[in-house]
1. With respect to the numbered conditions (1) exposed (fewer than 15 other Cβ atoms within 10 Å of the Cβ); (2) over 24 Å from Y163 (Cβ atoms); (3) not hydrophobic (A, V, I, L, M, F, W, C), which one is the sole condition not fulfilled by T80?
2. Exactly one of these conditions fails for E52: (1) open to solvent by less than 50 Å² (accessible area, probe 1.4 Å); (2) out of contact with any Phe, Trp or Tyr (no Cβ under 7 Å at 6 or more places or on another chain); (3) closer than 16 Å to V166 by Cβ; (4) among the charged types (D, E, K, R). Give me its number.
3. Does G127 fit the bill of being surrounded by 17 or more Cβ atoms within 10 Å (Cβ to Cβ) and either of a type in the set (G, A, S) or in contact (Cβ under 8 Å) with a residue 24 or more places away in the chain (or both)?
4. Those residues that are over 18 Å from S5 (Cα atoms) and of a type in the set (A, V, I, L, M), I need them from the stretch 116-148; list them, please.
5. Which one is nearest to I77 (Cα to Cα), of the residues in the stretch 138-147 that are assigned to a helix (DSSP H, G or I) and of a type in the set (S, T, N, Q)?
6. Criterion first (open to solvent by less than 30 Å² (accessible area, probe 1.4 Å) and in a loop (DSSP other than H, G, I, E, B)) does V166 satisfy it?
7. Tell me yes or no: at least one residue of the stretch 10-17 is out of contact with any strand residue (DSSP E or B) (no Cβ under 6 Å at 6 or more places or on another chain) and within 22 Å of V152 (Cβ to Cβ).
8. Among the numbered criteria (1) among the charged types (D, E, K, R); (2) touching a helix residue (DSSP H, G or I) at 6+ places or on another chain (Cβ under 9 Å); (3) surrounded by fewer than 17 Cβ atoms within 10 Å (Cβ to Cβ), which single criterion is violated by K138?
Amino acid sequence: ILVMSLALFVFILQQITLSQHLFIDEKINSFISNNQKPFLVEISKTIGYIFEPTIFIILFFLLVFYLIYEKRRAEAISLTILTMISFLIIQLIKILVHRLRPLDALVSENTYSFPSGHALMASVFFGILIYLFAHHIKSRKSKIILTILATVVPLIIGFSRIYLNV
């Protein structure tokens with residue numbers, strides 16, 4: 001899944017870099033614009049506010065402090081480095097690609113649209129949670145629930161960004 005996701009990301013990055021345009025963007029944007037419901041717009045806005053990249057950075061550092069407290073320093077250092085690298089990669093790609101947000105965005109954003117900081121930080125955060133805690137959880141059911149949540153939440157965040165046309 002990771003390799004397929006990375007390959008898809010590189011493909012999209014290449015297409016955007018070459019033309020600033022993806023055929024599927026127009027189709028998705030048109031479909032969503034024609035089918036938006038006020039309550040789903042509000043839910044999407046709430047998801048966007050809750051999962052701001054800044055919130056993830058705060059959560060990362062709380063997690064780092066927890067790991068240090070639990071004497072898991074190597075994991076705390078790895079977590080910090082991974083978070084910083086992820087954040088820097090997002091910013092670098094945004095600067096290099098300069099992909100503007102759609103004109104009909106439902107929330108105001110000041111940065112470029114690609115890649116989504118919300119979606120990437122959610123994927124990194126929840127991926128790290130699985131890595132750090134899955135082997136400490138003894139219950140198979142709890143591991144499955146953690147894995148499902150860590151997969152579904154970033155997808156919901158990504159969908160909310162698309163739904164808001166940002």
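1. (1)
2. Among (1) open to solvent by less than 50 Å² (accessible area, probe 1.4 Å); (2) out of contact with any Phe, Trp or Tyr (no Cβ under 7 Å at 6 or more places or on another chain); (3) closer than 16 Å to V166 by Cβ; (4) among the charged types (D, E, K, R), E52 violates only (1).
3. Working: surrounded by 17 or more Cβ atoms within 10 Å (Cβ to Cβ): no; either of a type in the set (G, A, S) or in contact (Cβ under 8 Å) with a residue 24 or more places away in the chain (or both): yes.
Considered against the rule, which asks whether it is surrounded by 17 or more Cβ atoms within 10 Å (Cβ to Cβ) and either of a type in the set (G, A, S) or in contact (Cβ under 8 Å) with a residue 24 or more places away in the chain (or both), G127 comes out as no.
4. Matches in the stretch 116-148: L129, L132, A134, I137, I144, I145, L146.
5. The residue in question is T147.
6. Numbers: open to solvent by less than 30 Å² (accessible area, probe 1.4 Å): yes; in a loop (DSSP other than H, G, I, E, B): yes.
Considered against the rule, which asks whether it is open to solvent by less than 30 Å² (accessible area, probe 1.4 Å) and in a loop (DSSP other than H, G, I, E, B), V166 comes out as yes.
7. Narrowing the stretch 10-17 to residues out of contact with any strand residue (DSSP E or B) (no Cβ under 6 Å at 6 or more places or on another chain): 10-17.
Those left that are additionally within 22 Å of V152 (Cβ to Cβ): 12.
The answer is yes, given that some residue of the stretch 10-17 is out of contact with any strand residue (DSSP E or B) (no Cβ under 6 Å at 6 or more places or on another chain) and within 22 Å of V152 (Cβ to Cβ).
8. With (1) among the charged types (D, E, K, R); (2) touching a helix residue (DSSP H, G or I) at 6+ places or on another chain (Cβ under 9 Å); (3) surrounded by fewer than 17 Cβ atoms within 10 Å (Cβ to Cβ) applied to K138, the lone miss is (2).
The values are calculated or read from the model by the stated rules, or taken from the named source; none is laboratory data. Since the model is a prediction, treat every value here as computed from it, not as a measurement. So basically every Cβ, Gly included, is an ideal-geometry build from the backbone, and we count neighbours across all protein chains shown. SASA here: full protein model, heavy atoms, side chains in, ligands and nucleic acids out. Shrake-Rupley method; radii C 1.70, N 1.55, O 1.52, S 1.80 Å.
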